[in-house]
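The values are calculated or read from the model by the stated rules, or taken from the named source; none is laboratory data. Everything numeric here is computed off the predicted structure, so don't read it as measured data. Quick reminder, even Gly has a Cβ in these numbers, built from the backbone with ideal geometry, and neighbours come from all protein chains shown.
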Amino acid sequence: MTEAESIREILASCRTVAVVGLSPKPHRASHEVAQYMQMHGWRIIPVNPNAREVLGEKAYVSLTEAARHESIELVDVFRHSDQVPALTDEAIAIGAKALWLQLGIENDDALAKAAAAGLLVVQNRCLKVEHASG
């Protein structure tokens with residue numbers, strides 16, 4: 001599946017997104033993207049060990065912890081590229097449908113692993129931009 005096809009499928013079928021690295025600070029890109037998606041009917045699950053709540057939703061210390069309490073379709077990553085392999089393993093382990101790496105975040109090996117495990121994958125793209133242009 002091409003990246004464009006993955007984007008279309010994610011936007012058409014996912015409505016619950018764990019945002020890894022979601023900042024409670026309104027000026028941060030992660031907050032802006034998550035707030036936009038929330039305003040468009042998506043369920044946001046914040047993953048940030050330093051926050052208790054973001055955008056009115058309980059924040060979890062890890063993706064694995066969030067998955068113990070929530071059903072996660074999409075994992076949207078706002079972390080450094082070197083953290084992507086571990087997050088990819090978590091996304092696969094929790095049964096996520098898709099893995100999305102935001103602008104500036106790339107890891108070809110981790111994405112290949114996620115795709116081989118059956119996840120839809122996107123990297124170096126903004127979920128908000130793709131949703132708005134779709």
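What number goes with the only condition from (1) within 21 Å of Thr2 (Cα to Cα); (2) part of a loop (DSSP other than H, G, I, E, B) that Arg79 does not pass?
The one condition Arg79 does not meet is (1).
Would you check which residues across region 95-124 are buried (at least 16 other Cβ atoms within 10 Å of the Cβ) and assigned to a loop (DSSP other than H, G, I, E, B) and list them? If you could, list the steps in order and put the result at the bottom.
Applying the first criterion (buried (at least 16 other Cβ atoms within 10 Å of the Cβ)) to region 95-124 yields 96-102, 105, 107, 110-111, 113-114, 117, 119-123.
Result: Ala96, Lys97, Gln102, Ile105, Asn107, Ala117, Leu119, Gln123.
Please specify each residue of region 1-40 satisfying the condition of being without any contact (Cβ under 8 Å) to a residue 60 or more places away in the chain and either closer than 15 Å to Ile72 by Cα or of a type in the set (A, V, I, L, M) (or both).
Ala4, Ala12, Arg15, Thr16, Val19, Leu22, Ala34, Gln38, Met39
Select, from Val84, Val17, the only residue that is modelled with pLDDT of 95 or more, crowded, with 16+ Cβ neighbours inside 10 Å and assigned to a helix (DSSP H, G or I).
On inspection, the qualifying residue turns out to be Val84.
Quick one: in region 20-49, which of the residues that are part of a helix (DSSP H, G or I) and of a type in the set (A, V, I, L, M) is farthest from Arg68 (Cα to Cα)?
Ala29
Looking at Val77, Val129, which is the one that is hydrophobic (A, V, I, L, M, F, W, C) and in contact (Cβ under 8 Å) with a residue 40 or more places away in the chain?
None of the others qualify; the one that does is Val77.
In this structure, does Ala29 turn out to be among the small types (Gly, Ala, Ser), within 24 Å of Ala115 (Cα to Cα) and at pLDDT 95 or above?
Numbers: among the small types (Gly, Ala, Ser): yes; within 24 Å of Ala115 (Cα to Cα): no; at pLDDT 95 or above: yes.
For Ala29, the condition - among the small types (Gly, Ala, Ser), within 24 Å of Ala115 (Cα to Cα) and at pLDDT 95 or above - is not met.
Return the only residue of Leu63, Leu55 being surrounded by 15 or more Cβ atoms within 10 Å (Cβ to Cβ), on the phi > 0 side of the Ramachandran plot and among the hydrophobic types (A, V, I, L, M, F, W, C). Even if it seems obvious, please write down each step before you answer.
Details: Leu63 fails: on the phi > 0 side of the Ramachandran plot.
Going through Leu63, Leu55 in turn, just one is surrounded by 15 or more Cβ atoms within 10 Å (Cβ to Cβ), on the phi > 0 side of the Ramachandran plot and among the hydrophobic types (A, V, I, L, M, F, W, C): Leu55.
Residues in region 51-74: is at least one part of a strand (DSSP E or B), under 14 Å from the mean Cα position of the chain (by Cα) and under 18 Å from Lys128 (Cα atoms)?
Yes, region 51-74 has at least one match.
Under 7 Å between Cβ atoms, which residue pairs at least 6 apart in sequence (or on different chains) link something in region 100-120 that is farther than 18 Å from Ala4 by Cβ and modelled with pLDDT of 95 or more with a partner that is among the aliphatic types (A, V, I, L, M) and surrounded by fewer than 21 Cβ atoms within 10 Å (Cβ to Cβ)?
Between residues of region 100-120 that are farther than 18 Å from Ala4 by Cβ and modelled with pLDDT of 95 or more and residues that are among the aliphatic types (A, V, I, L, M) and surrounded by fewer than 21 Cβ atoms within 10 Å (Cβ to Cβ), the close pairs are Ala117/Ile92.
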